[in-house]
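The values are calculated or read from the model by the stated rules, or taken from the named source; none is laboratory data. Owing to the predicted nature of the structure, the values given are computational and were not obtained by experimental measurement. Every residue, glycine as well, gets a Cβ built from its backbone with ideal geometry; the counts of neighbours run over all protein chains shown. Heads up: the accessible areas ignore ligands, DNA and RNA and are worked out on the full protein's heavy atoms, side chains in. Shrake-Rupley method; radii C 1.70, N 1.55, O 1.52, S 1.80 Å.
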Amino acid sequence: MKTGLILEGGAMRGMFTAGVMDVMMEAGIRFDGAIGVSAGAAFGCNYKSGQIGRVIRYNTRFCADKRYSGLRILLREGNLYSTDFCYREVPLVHDVFDFDAYRKNPMEFYVVCTDVETGKPVYHLFEGNPEDAFDWIRASASMPLVSQIVEVGGYKLLDGGISDSIPVRAFQQMGYDRNVVVLTQPEGYRKKKNPLIPLMRLFYRRYPAMVDTMARRHTEYNAALDDIRAQEQAGSLLVIRPEVPLVISKTEKDPEKLREIYNLGRKAAEARLDDIRAFTEA
C-alpha cells in the first residue's frame, strides 16, 4: 500500500490547503507521495520540504507588495504573478525554500501541468533542483490569459487544472492506493461552462487541442467530483473540503483574508485529524 496526498488548485483558495497541510505536518503525518495542481503544486511542495507555516508566512508578507502580483505586472510581463519575484526572489532570498530537506525526504512530489500543444496533462516528478528553481511549479500554476506559456523540459505548458484538476485516477494509476484528497470547493459544488471559451479560441488559436480541453473542463471536473464522492463513500479515499464556499480573490491583497481562509483549512484538518491518522496508518 502506498499513501498519497492529492491537492487541488484554486488560486488563493489554496490557503485552505495550506492550513490543512500545516496541521498534518504538525501531527507528523507522512505520505509516500503527493501530487499538486496549480496552487496545490505551488503550496504543496512545502510538505516535502517540511516547512510548516511557510505558505501563510510569505503570502501574508508579500500579498500587497507591488512586486508580487497585480495588473501592473500583468501588463509589463504578461504574468499576473511575477516570475522573477514569486518564483526566484522569494524562495531563494526572502523566505528560503529548503531544497536540501526536500531532496532528503523520500516522499515523491508530482506537479500537474497542461501541454498546450496536445491539451493533455503532464505529470512531472519534481525533484527540487535549484538550477531550474520552480519552473515546473510555475508552469502548473500559470493560469490561461493571465500567464505566459512556460517552456520547460521540452514542453510548452500552462495550468495543470486545465487538463486534470483533481488527479485522483492518475495518482492511483501510479500506485498510490490510499489517498487523502484536499479540495478547495465545498460539497455540492458544480463547475459551470467557461463563458470565455470564444475568447480562448481566439487568444490560443495556435493551440486548438488545448482549447478543446478547456471547453470540456467543466464536464470532466464534475465527473471527477462524482468519482471522488463515490470512492469517499466506499472508504477508499479520505476527502477534506471546506464547509462553505471560500470567498477570496485570485490576487488577494488583504493578509487577514488570507489568514481567515488558512484558519478554515486548519479547522477542517483538526476536526478530521484522528480520521486521517487511522486512514493513513490502516
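A few notes on this one:
- The trypsin sites (Lys or Arg not before Pro) of the range 60-117 that DSSP puts in a loop, and whose beta carbon has at most 16 other beta carbons within 10 Å, are Lys66, Arg67.
- Potential extension, Arg30-Asp226 segment - 0.36 nm per residue separation minus Cα distance: 67.9 nm
- Counting protein heavy atoms only, the range 123-282 has 50 percent of its accessible area on carbon and sulfur, 1.4 angstrom probe.
- More than 27 Å apart - percent of Cα-Cα pairs taken over the range 129-282: 36 percent
- Extension gain, Arg67-Ala271: 0.36 nm per intervening residue step, less the Cα-Cα distance, totals 69.8 nm.
- Taken over the alpha carbons of the chain as equal point scatterers, the Debye sum produces base-10 log I(q)/I(0) values at 0.12 Å⁻¹ of -0.70.
- Counting only protein heavy atoms and a 1.4 Å probe, the range 174-226 has 57 square angstrom of accessible area per residue.
- For the residue pairs Lys192/Lys250; Lys2/Lys257; Lys2/Lys48; Lys120/Lys250; Lys104/Lys250, alpha carbon separations beyond 26 Å are given by Lys2/Lys257; Lys104/Lys250.
- Full-stretch length increase - Phe99, Lys2 - with 0.36 nm per residue and alpha-carbon distance subtracted: 32.5 nm
- Restricting the range 180-223 to trypsin sites (Lys or Arg not before Pro) in coil, as DSSP defines it, with at most 14 other Cβ within 10 Å: Arg190, Lys192, Lys193, Arg205, Arg206
- Zero-based 10 Å bins, Cα pair distances in the range 59-204, whole percents: 10, 33, 39, 17, 1
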